[in-house]
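Inspection log for the structure reproduced underneath, given as C-alpha cells.
The values are calculated or read from the model by the stated rules, or taken from the named source; none is laboratory data. This one's a predicted model, so the numbers in the text were calculated from it and none came from an experiment. Please note: Cβ atoms are built from the backbone with ideal geometry, for glycine as well, and neighbour counts cover all protein chains shown. Areas reflect the complete protein model, heavy atoms only, side chains present, ligands, DNA and RNA absent. Shrake-Rupley method; radii C 1.70, N 1.55, O 1.52, S 1.80 Å.
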Amino acid sequence: MKKVGSYALLISMLSGCSQQNTVNQTESEVSEAQMQENSENIETEKMQDTEKIQDTEKNENTEKLSPFEMHGALHVENGKLTDQHGDVVQLYGMSTHGIAWFPQYVNPDAFRTLRDDWNTNCIRLAMYTAEDGGYCSGGDKEQLKQLVKDGVSYATDLGMYVIVDWHILSDGDPNQNKDEAIAFFKEMAETFVNNDNVLYEICNEPNGGTSWESIKAYAEEIIPVIREKKPDAVILVGTPTWSQEIDKAAESPLEDKNVMYTLHFYAGTHKDDLRNRLESYAQNGLPIFVSEFGMCDASGNGGIDKKSASKWMKLLKKYKIGHIAWNISNKNETSALIQSKCGKTDKISYKNLSKSGKWIAKWWKK
Ligand code: IDC
C-alpha cells in the first residue's frame with residue numbers, strides 16, 4: 001500500500017514538472033536543441049506517468065517482492081552474477097558520493113525512493129580512504145563505519161543489494177593503506193555476517209602505475225579476511241588504470257570463485273576502445289562488474305555524452321553486467337544526479353534530478 005502512495009506522489013510531481021517545462025519554454029528564449037530536449041522530456045514523462053499508473057494498478061493486486069526476496073544470496077557462475085535459483089541477475093543502481101562529505105543521503109527514505117521510484121536494486125556506499133576527511137586521512141573512523149553500517153541496514157530493510165566500497169583514489173596503490181583495509185573488512189564482515197545482500201568492493205580504482213600483480217597481492221590478503229565470516233559473498237576487485245584494465249586480471253585471475261573484476265567508464269571520455277575491451281572479455285566469460293560509471297567525462301564534470309552513454313548501456317544490457325551510477329549528491333558537477341539547487345535528501349522526485357540523473361533514471365525505467 002505504501003508503494004501506491006509513493007507512486008501517486010511521484011505522478012503528481014511529474015505532472016507538475018511537465019507544466020513547469022511548458023512555462024519555461026514560453027517565458028524564456030531557449031535554443032532549438034533545448035526545445036527539442038524539453039519536448040522529449042515531456043513525452044517521456046507522459047509515458048512514465050502511464051507506466052506508473054499501470055505499475056500502481058499491478059501493485060494493488062500483488063505486493064511486489066523486494067530484489068533480495070526475489071534473488072537471495074548471489075554468487076558468480078560462468079562469469080555472471082547468478083541468483084539463488086541459478087538465474088543471471090543484473091544489479092544496477094546509484095553510488096553515494098563520499099559518505100564523509102554527503103552523509104545526508106544515507107537515509108531510509110532516500111533508499112526507498114531509489115528502489116521504488118527509480119526501479120533500482122542496488123546501492124553503493126563509497127567511503128573514500130585518502131582524500132581529505134577520508135577514512136585513512138583524518139576522517140572520523142567510527143562515524144564513517146557507523147554510516148556504512150546504517151546504510152547496509154537501510155538497504156537490508158528494503159531488500160536491496162548494497163556494495164561496501166573502499167574508495168581508494170589518490171592512494172593509487174591499495175597496499176598503501178592495506179592494514180587499515182584489513183581491519184575495516186574484518187569488522188564489516190563480522191558485522192554483516194547475516195547479511196547476504198552485501199557485496200564487498202575492496203579497492204575502487206588503483207592508478208598511478210599500480211600493477212595487477214600489486215593489486216592481486218593485496219586482494220589475496222583482504223579476501224581471506226572477508227572469507228572467514230563470509231565464505232561466499234561476492235567480492236569486487238579493482239583493476240589497473242582507474243579500473244579499466246580487466247585484461248590484466250584476465251591474464252592472471254584470482255583463485256577465489258566469487259570475485260568479479262571492475263571496469264569503470266565515463267561516457268564522455270571512454271568510447272569504443274574500452275567498450276570493445278569490455279565486450280571481448282565479457283564474451284570470454286570474465287566476471288565483470290561496472291561498479292562506477294558516469295555520462296560526463298572522467299573528471300566527474302564537463303558535458304554529458306548521451307550517444308556514448310546509450311552505447312554503453314546497451315552493451316551492459318546485452319551481457320547483463322551490473323552497473324552503478326556516480327553519484328547521489330547535489331554537488332555542482334555534471335556527474336551529480338541531483339540538481340545542485342535541490343536540497344532534498346528524501347523523496348527526491350524526477351524533476352529534482354540533474355540532466356544525467358534524468359537520463360539514467362529513464363533508462364532504468366525501460
Ligand atoms: C570525484 C567526485 C568529486 C570529488 C573527487 C575527489 O565527483 O566531487 O571532488 O572525486 O577527487 C572516479 C572516482 C570518483 C570521482 C569520479 C569523478 O572513482 O571518486 O569522483 N571518478 O572524477 N573515477 C573516474 C571518475
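For Cys203, only one of the following conditions fails: (1) of a type in the set (A, V, I, L, M, F, W, C); (2) assigned to a loop (DSSP other than H, G, I, E, B); (3) away from the ligand (no atom under 16 Å from the Cβ). What is its number?
(3)
Out of the residues in region 68-104 that are part of a strand (DSSP E or B) and aliphatic (A, V, I, L, M), state the one that is farthest from the ligand (Cβ to nearest atom). Spell out the reasoning first.
Keep residues of region 68-104 that are part of a strand (DSSP E or B), which gives 75-77, 80-82, 88, 92-98.
Next, only the ones that are aliphatic (A, V, I, L, M) stay: 76, 81, 88, 94.
Numbers: Val76: 23, Leu81: 21, Val88: 26, Met94: 13 Å.
Applying the filter and picking the extreme gives Val88.
Take the conditions in contact with a Leu (Cβ under 7 Å, 6 or more places away or on another chain) and at pLDDT 95 or above and apply them to Ser329. Does it pass? Break it down stepwise before answering.
Numbers: in contact with a Leu (Cβ under 7 Å, 6 or more places away or on another chain): no; at pLDDT 95 or above: yes.
Judged against the criteria, Ser329 is not a match.
Determine the pairs where a residue that is farther than 17 Å from Ser153 by Cβ and open to solvent by 30 Å² or more (accessible area, probe 1.4 Å), located within region 167-195, has a partner that is within 16 Å of the ligand (Cβ to nearest atom) and part of a helix (DSSP H, G or I) with Cβ atoms under 9 Å apart, the partner being 6 or more residues away or on another chain.
Matching pairs, first to second residue: Leu169/Trp242; Asp173/Ile215; Asn175/Ile215.
Out of (1) more than 23 Å from Leu114 (Cα to Cα); (2) among the polar types (S, T, N, Q); (3) in a loop (DSSP other than H, G, I, E, B), what's the single condition that is false for Thr345?
Of the numbered conditions (1) more than 23 Å from Leu114 (Cα to Cα); (2) among the polar types (S, T, N, Q); (3) in a loop (DSSP other than H, G, I, E, B), the odd one out for Thr345 is (1).
Could you run through region 282-306 and say how many residues are within 8 Å of the ligand (Cβ to nearest atom) and surrounded by fewer than 21 Cβ atoms within 10 Å (Cβ to Cβ)?
Residues meeting the conditions: 4.
As an exercise: evaluate Ala336 against (1) under 15 Å from the mean Cα position of the chain (by Cα); (2) without any contact (Cβ under 8 Å) to a residue 60 or more places away in the chain and give the number of the one condition it does not meet.
(2)
Out of curiosity, is Lys358 modelled with pLDDT of 95 or more and either surrounded by 20 or more Cβ atoms within 10 Å (Cβ to Cβ) or over 13 Å from the mean Cα position of the chain (by Cα) (or both)? I'd like the intermediate steps shown before the answer.
On the way: modelled with pLDDT of 95 or more: yes; either surrounded by 20 or more Cβ atoms within 10 Å (Cβ to Cβ) or over 13 Å from the mean Cα position of the chain (by Cα) (or both): yes.
For Lys358, the condition - modelled with pLDDT of 95 or more and either surrounded by 20 or more Cβ atoms within 10 Å (Cβ to Cβ) or over 13 Å from the mean Cα position of the chain (by Cα) (or both) - is met.
Test Thr241 against the stated conditions and say whether it is under 19 Å from Ala130 (Cβ atoms), under 24 Å from the mean Cα position of the chain (by Cα) and open to solvent by 10 Å² or more (accessible area, probe 1.4 Å). Quick ask: steps written out before the conclusion?
Working: under 19 Å from Ala130 (Cβ atoms): yes; under 24 Å from the mean Cα position of the chain (by Cα): yes; open to solvent by 10 Å² or more (accessible area, probe 1.4 Å): yes.
Yes, satisfied.
For region 307-317: of the residues being within 15 Å of the ligand (Cβ to nearest atom) and of a type outside the set (Ser, Thr, Tyr), which is nearest to His97 (Cα to Cα)?
Residues of region 307-317 within 15 Å of the ligand (Cβ to nearest atom): 308-309, 312.
If we keep only those that are of a type outside the set (Ser, Thr, Tyr) as well, we get 309, 312.
Working: Ala309: 20, Trp312: 22 Å.
Ranking the qualifying residues of region 307-317, first place goes to Ala309.
With respect to Ala361, determine if the residue is in contact (Cβ under 8 Å) with a residue 40 or more places away in the chain and within 12 Å of the ligand (Cβ to nearest atom). Don't jump to the end; show me each part of the working.
Details: in contact (Cβ under 8 Å) with a residue 40 or more places away in the chain: yes; within 12 Å of the ligand (Cβ to nearest atom): no.
It is false that Ala361 is in contact (Cβ under 8 Å) with a residue 40 or more places away in the chain and within 12 Å of the ligand (Cβ to nearest atom).
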